[in-house]
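The values are calculated or read from the model by the stated rules, or taken from the named source; none is laboratory data. Since this is a predicted model, take the numbers as computed values, not measurements. Cβ placement follows ideal geometry from the backbone for every residue including glycine, while neighbour counts extend to all protein chains displayed.
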Amino acid sequence: MLWETIRLALTAIIRNALRSFLTVLGVVIGVAAVIAMVTVGQGSSEQVSANVESLGTNVLVLRSGARMMGPGSRDTAPSFKLSDAEALEDLSSLSAVAPVVSTSATAVFGNNNRTTSITGTTSPYLEIGGWTIALGRSFTPAEDRSGANLCIIGETVRTTLFGATDPTGEKIRIKSISCEVIGVLKSKGAGSFGQDQDDLVLMPVRTVQRRLMGSQDVSSISLQVARTASVERATSDIEALMRERRRIAIGEDDDFSVFDMAELSSMLNSVNSVLTGLLSSVAAVSLLVGGIGIMNIMLVSVTERTREIGIRLSVGAQAHQVLMQFLVEAVVLSVLGGIIGILFGLGLAYVAAQIMAIPFSPSLNVIALAFGFSAVVGMVFGYFPARRAARLDPIDALHYQ
Amino acid sequence: MSEPLLELRGIERHYGHDETLVRALDGVDLRVEPGEFLAIMGPSGSGKSTAMNIIGCLDRPTAGNYLFNGVEVATLNRDQRALLRRHYLGFVFQGYNLLPRTTALENVELPLIYKGMRKAERVARARQALARVGLEGREDHTPSQLSGGQQQRVAIARALAGEPMVMLADEPTGNLDTKRSVEIMNLMQDLNRESGLTIVMVTHEEDMAAYASRLVVFTDGRVVRDEKMHEGAL
């Protein structure tokens, strides 16, 4: 008889194809929306965490100009020089110091060229930025100080200019200079804002200053706090040194600022959690809408179904047989919708993760929650009207309007 | 006098309470013997349909005794009444009450499913019943593809398929034109005469009642007339 009941339920599902389709659709939309949104949210959250780690721990950036500067105020503050970076090296609270000069230029090799960002710096920059050498070598201390025409290229630049071949020892042209590739950086992938972190060329700081910028200025100084020191102490040491070197009188404001990368990343994280919260609430609304859809389909069909129950009762069905049929129907539709919804939601999330270049990280909890909610809505609204109808006297079920 | 198949003693059915109380049935006594073709007539609101629903165990009386084949129905629970309908009763309604989007064959199979019959036997029995009502070749038509008269034939086939002891028909020709009505009545009369099927039919048309072997007239919830009719009346 159980098999007969399942057959009855399946027959009813096929016979009422439109109603079944709409019910399944309600479950699919609810489940898929929640899974896709939450999975994407979690992926981007993980991406931010990974970026925080790739930024390097205890990294500070020193820039010229006050922190909350108005338009044009930066121009009034003097730029840093290489001597400032050298002075900072003497601070015991810092373990690495790298002056940075940034510009952008087109790198050319043979028929290939790429406009990329050129960073003039010294070898400690690699450690501070969490870069490792994939191929070749870094700058030697002598090269750090020299104005030699050498460069280390990012993965993106290597791929564009050299394809699969080994670029070390080759010479690329940047503006008027020809520089030898001595190393390739290991790929870091996309950054917090989706930017390509591997699209860069590193050169000795003096080379960039003399040959590309024609100036002695340094854009910023990247610093790594020593293990033995706190970020707060390092910051105050830097501030004291710089006020002294820049001759800022007591009571005057700093004309430079120290950025804490950890602070920046925690800000990114909080922006991200707001976004995840937003996505989750949109998803919750989708789930609710899906649920209301299921509910409506079920309630609209109550009249017809109540008459059907009346007919079944009049030909001798017992109430529990009719109920079992309706329960099986509700379970089959909900589970079917749930499975399609999970696949669809994961598919959407996967595509989104590829496009946004974030990790694809499905969560079992969310899948279970979305599936459970829709299944319960489907079953409750499929089952309870049926239960009410099956408890009527057959004649009342038959005459139900 | 043989044992009655159906016996109603002082049956009452009330609706509402106190001032709005309606006595749809107000003390009905009725005995139906096997093989009878009973026609119940009466004006609207006389309680004839209510009596029919109680006989069919689709509704329960407020007071009185109803014995089906000697068994007091009031002592049966819901599931037992369902079994009584399943094994002994067949219904034909004014509005046909077929499952929509479901073929004639499957509609006729429905009571057999609940009887626990195997698929092959069900199909054979359902085809036979459809053939008996003259619907060969229409097995795969859904109700919307059939005329009113054909739908009512499907309903009769469904009532017959379970081989009931009694067929209960509530205004079976109420939605049909005269020609179809006559066809349905001839069919029912044949079933009664040839197969000895006991039939209780509610109608408000005297022409239809004339096919029966006995006429009972209801007024205000009571039986006011009960008479045997001549063979081959009309």
Practice task
Any chance you could count how many residues in segment A:349-377 are within 15 Å of the chain's Cα centre (by Cα) and not in a loop (DSSP other than H, G, I, E, B)?
Solution key: 8
Exercise for the section: Being among the hydrophobic types (A, V, I, L, M, F, W, C) and facing chain B (nearest Cβ under 7 Å) is the filter; apply it to segment A:301-317 and report the residue that is surrounded by the most Cβ atoms within 10 Å (Cβ to Cβ). Expected result: A:Leu313
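Give segment A:209-219 a look and list any residue that's closer than 13 Å to A:Thr122 by Cβ and outside any helix (DSSP H, G or I), or say none. If you could, list the steps in order and put the result at the bottom.
Taking segment A:209-219 as the starting set, the residues that turn out to be closer than 13 Å to A:Thr122 by Cβ are A:209, A:218.
Within segment A:209-219, A:Val218 is the sole residue that qualifies.
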Exercise for the section: For segment A:234-256, name all the residues that are crowded, with 17+ Cβ neighbours inside 10 Å and not in a helix (DSSP H, G or I). Expected result: A:Asp255, A:Phe256
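Restricting attention to strands (runs of 3 or more DSSP E) lying wholly within segment A:130-177, give those where 1 or more residues are assigned by TED's automatic domain parsing to the domain that holds A:Phe109 and within 15 Å of A:Ala107 (Cα to Cα). Write out each step before concluding.
On the way: elements: A:133-136, A:150-153, A:171-174.
In segment A:130-177, A:150-153, A:171-174 are the strands (runs of 3 or more DSSP E) which contain 1 or more residues that are assigned by TED's automatic domain parsing to the domain that holds A:Phe109 and within 15 Å of A:Ala107 (Cα to Cα).
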Exercise for the section: Please tell me if B:Pro111 is within 13 Å of another protein chain (Cβ to nearest Cβ), closer than 28 Å to A:Ala17 by Cβ and either crowded, with 19+ Cβ neighbours inside 10 Å or under 19 Å from the mean Cα position of the chain (by Cα) (or both). Expected result: yes
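Tell me, yes or no, whether segment A:203-217 has at least one residue that is charged (D, E, K, R) and without any contact (Cβ under 8 Å) to a residue 12 or more places away in the chain. Spell out how you get there, then give the answer.
Here is the first cut: in segment A:203-217, the residues charged (D, E, K, R) are A:206, A:210-211, A:217.
With without any contact (Cβ under 8 Å) to a residue 12 or more places away in the chain added as a condition, the list becomes none.
No, because not a single residue in segment A:203-217 is charged (D, E, K, R) and without any contact (Cβ under 8 Å) to a residue 12 or more places away in the chain.
Do we have B:Gly174 as at positive phi, of a type outside the set (D, E, K, R) and away from chain A (no Cβ under 13 Å) here? Break it down stepwise before answering.
Values: at positive phi: no; of a type outside the set (D, E, K, R): yes; away from chain A (no Cβ under 13 Å): yes.
No: the conditions fail for B:Gly174.
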Exercise for the section: Out of B:Ala63, B:Ala82, B:Ala74, report the one residue that is closer than 22 Å to B:Leu5 by Cα, buried (at least 18 other Cβ atoms within 10 Å of the Cβ) and either under 19 Å from the mean Cα position of the chain (by Cα) or away from chain A (no Cβ under 12 Å) (or both). Expected result: B:Ala82
Practice task
Output the residue which, of all residues in segment B:114-123 that are free of Cβ contacts under 8 Å to residues at least 40 places away in the same chain and surrounded by fewer than 20 Cβ atoms within 10 Å (Cβ to Cβ), is nearest to the other protein chains (Cβ to nearest Cβ).
Solution key: B:Gly116
Exercise for the section: Name, by its number, the condition in (1) surrounded by fewer than 18 Cβ atoms within 10 Å (Cβ to Cβ); (2) in contact with an Asp or Glu (Cβ under 7 Å, 6 or more places away or on another chain); (3) more than 16 Å from A:Asp84 (Cα to Cα) that does not hold for A:Thr228. Expected result: (2)
Practice task
Would you mind telling me which numbered condition in (1) within 14 Å of another protein chain (Cβ to nearest Cβ); (2) crowded, with 17+ Cβ neighbours inside 10 Å A:His320 fails?
Solution key: (2)
Completion exercise
A careful count of residues in segment B:12-60 that are buried (at least 18 other Cβ atoms within 10 Å of the Cβ), part of a loop (DSSP other than H, G, I, E, B) and without any contact (Cβ under 8 Å) to a residue 60 or more places away in the chain gives 3
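Looking at segment B:160-170, can you tell me whether even one residue there is surrounded by 15 or more Cβ atoms within 10 Å (Cβ to Cβ), of a type outside the set (S, T, N, Q) and free of Cβ contacts under 8 Å to residues at least 40 places away in the same chain?
Here is the first cut: in segment B:160-170, the ones surrounded by 15 or more Cβ atoms within 10 Å (Cβ to Cβ) are B:160-170.
Remaining after also requiring of a type outside the set (S, T, N, Q): B:160-170.
Narrowing further to those that are free of Cβ contacts under 8 Å to residues at least 40 places away in the same chain: B:163.
Yes; the residues of segment B:160-170 include at least one that is surrounded by 15 or more Cβ atoms within 10 Å (Cβ to Cβ), of a type outside the set (S, T, N, Q) and free of Cβ contacts under 8 Å to residues at least 40 places away in the same chain.
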Practice task
Could you check B:Thr102 against (1) more than 25 Å from B:Gly35 (Cα to Cα); (2) assigned to a helix (DSSP H, G or I); (3) facing chain A (nearest Cβ under 9 Å) and say which number it fails?
Solution key: (2)
